[in-house]
Amino acid sequence: KKAETKGTLKKKVAELRKKVKSLAQEAANCDSEIHNLQEHQGALAQTLEDKSQNCKELQQHVDSLSGQHEKVMLEKDKVTQDLLSKQRKVKYLDQVKNNKYKMFCKTEEGIEKVRAREAERYNRW
């Protein structure tokens, strides 16, 4: 092999310095990229936290609305039942008026007892 001369060694040293400088620049670029990605990750984590909190609040609102809806539906059922009971009462009174039906209950209390029994039977379904 040929003995290396001072000039070739200087060239090799210059190339190695160039490579070291290039690698140092790449390392700085990587550090910068890592820093940017960490900042982005932090922003995404904060966004996720905000969205999660918003989701919890919306779920609470949905639960509240569901409870209100259930109460309204129960009230609707009660009103419908009362309406049907009153319609039956009118029908029976009409039949009594036309002598087509003999009243089963002659007092308001008796009618209310029958209505209560019907309501209990209705609620069992």
Scanning for something farther than 25 Å from LEU74 by Cα, aliphatic (A, V, I, L, M) and open to solvent by less than 80 Å² (accessible area, probe 1.4 Å), does the stretch 94-112 turn up at least one residue? yes
Could you list all residues from the stretch 35-81 that are of a type in the set (A, V, I, L, M, F, W, C), more than 30 Å from ASN123 (Cβ to Cβ) and within 12 Å of the chain's Cα centre (by Cα)? CYS55, LEU58
Please verify whether SER85 is among the hydroxyl-bearing types (Ser, Thr, Tyr) and at pLDDT 95 or above, treating the condition exactly as stated. no
Are there any pairs, at least 6 apart or on different chains, whose C-beta atoms fall under 8 Å, with the first in the stretch 96-125 and on the phi < 0 side of the Ramachandran plot and the second open to solvent by 100 Å² or more (accessible area, probe 1.4 Å) and at pLDDT below 85, and if so, which? VAL96/LYS102; GLY110/PHE104; VAL114/PHE104
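The values are calculated or read from the model by the stated rules, or taken from the named source; none is laboratory data. If you're wondering where the values come from, they're calculated on a predicted model, not measured in any experiment. Cβ: placed from backbone, ideal geometry, glycine included. Neighbour counts: every protein chain shown. Remember, those area values only see protein heavy atoms, side chains included, never the ligands or the DNA or RNA. Shrake-Rupley method; radii C 1.70, N 1.55, O 1.52, S 1.80 Å.
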